[in-house]
Amino acid sequence: MGINQPTERGLHTMTQMTKRTPGRWRRGLSIAALAAVIALTLVTLGETAGMAHDIGHLHALLVSPTDAGLWIGTHNGLYRSSDEGKTWQPLNIPSDLAAMDFMSFVQDPTNPKVLYVGTHNRGVVRTTDGGQTWAAFSTGLGGPDVHAMAVDGYNPAQPRRLYAFVMDKGLYRILGDLTEWKRVDDGPSNPDVRALQAVNIPTGMGGIFLYAATSEGIFRGPDCF
């Protein structure tokens with residue numbers, strides 16, 4: 001079901017995942033339980049941090065594996081917690097980068113102070129100092145509406161791969177230390193991509209798999225080139 005036509009480069013197919021093993025269901029329940037706890041915590045975000053209840057609805061959550069810091073992207077801004085969600089601090093985004101919605105996060109696997117944020121109307125913004133300063137990082141992107149991002153830091157034999165899905169434009173990628181995005185392909189057959197995840201499952205062709213969560217389910221494609 002739901003198999004894209006092969007393309008000439010990049011993610012040659014994005015195949016919808018329809019088979020589920022018991023192990024995957026167990027993992028899914030565990031993630032769902034964790035998400036429920038986090039959601040309950042975030043419901044009281046404004047009251048806990050002593051802020052007005054105007055943060056807007058939530059789009060993105062990042063848990064830093066290095067320091068357990070929490071980052072959230074909302075309709076109205078970015079917030080960070082360094083005490084397990086007890087208090088939250090708004091991040092100062094320059095007015096020329098202030099977005100309508102902050103949609104997704106990724107953190108550099110080699111440097112936790114480097115984060116990339118996909119936005120609804122400003123493309124990708126980046127910080128290299130843990131959120132103190134921000135700059136645009138959208139050169140080469142086909143549009144400003146970036147709903148999902150992912151990073152592959154699993155394979156030390158290959159350069160880092162940073163991904164961004166741009167609504168109505170497709171999947172884009174940056175290799176290594178380059179700073180210009182290159183279009184890969186259209187992405188999955190359902191363009192309503194909500195999340196991307198690079199997974200350390202070898203394809204047998206020198207790459208890994210990229211998963212896309214959409215309104216019609218999960219799609220998988222190999223990124224080998």
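Each reported figure results from applying straightforward, stated rules to the coordinates on display, with no laboratory input. No experiment lies behind these values; they were computed from the predicted model shown. All Cβ positions, glycine included, derive from the backbone under ideal geometry; neighbour counts span all protein chains shown.
Using the Cα gyration tensor of the range 116-225, with a ≥ b ≥ c the square roots of its eigenvalues, what is the shape: rounded (a/c below 1.5), prolate (a/b larger than b/c) or oblate (neither)?
Cα axes put the range 116-225 in the oblate bin.
Take the Cβ-Cβ distance between ASP192 and ASN76 as r, set R0 to 22 Å, and report the resulting FRET efficiency rounded to the nearest 0.05.
According to the calculation, E is roughly 0.45.
Would you mind counting up the charge near ALA150? Only other residues with Cβ under 13 Å from its Cβ, with Lys and Arg at +1 and Asp and Glu at -1.
Summing Lys and Arg as +1 and Asp and Glu as -1 gives +2.
What aspartates and glutamates sit close enough to LYS169 to cross-link, taking a C-alpha to C-alpha distance under 15 Å and skipping anything fewer than 8 places away on the same chain?
Result set, ordered by chain and number: ASP145, ASP185, ASP186, ASP192.
Given 0.36 nm per residue, what is the gain on full extension from GLN158 to VAL63 after removing their alpha carbon distance, in nm?
That works out to 31.7 nm of additional length.
Given points 7 Å out from each Cα along the Cα-Cβ axis, report the SER95 to ASN121 separation in nanometres with one decimal.
Spacing of the two 7 Å Cα→Cβ label points: 1.6 nm.
Could you work out the relative contact order of the range 103-174, using alpha carbon pairs under 8 angstrom and six or more residues apart, expressed as a whole percent?
26 percent
How far apart, in nm, are the 7 Å Cα→Cβ label points at THR139 and ASP83?
Spacing of the two 7 Å Cα→Cβ label points: 4.1 nm.
If packing is taken as the mean number of other Cβ atoms within 10 Å per residue, what is the order of 162-169, 124-131, 92-99, highest first?
162-169, 124-131, 92-99
Using a Förster radius of 35 Å, what is the FRET efficiency between GLU216 and LYS182 based on their Cβ-Cβ separation? Nearest 0.05, please.
So, using R0 = 35 Å, E works out to roughly 0.85.
Considering Cα pairs under 8 angstrom that are at least six residues apart, work out the relative contact order of the range 55-194 and quote it in whole percent.
Relative contact order, the range 55-194: 15 percent.
Order these peptides, 80-89, 109-118, by their mean beta-carbon neighbour count within 10 angstrom, highest first.
109-118, 80-89
For VAL199 and VAL114 in one chain, what is 0.36 nm times their gap in residues minus the Cα-Cα distance, to one decimal in nm?
28.6 nm
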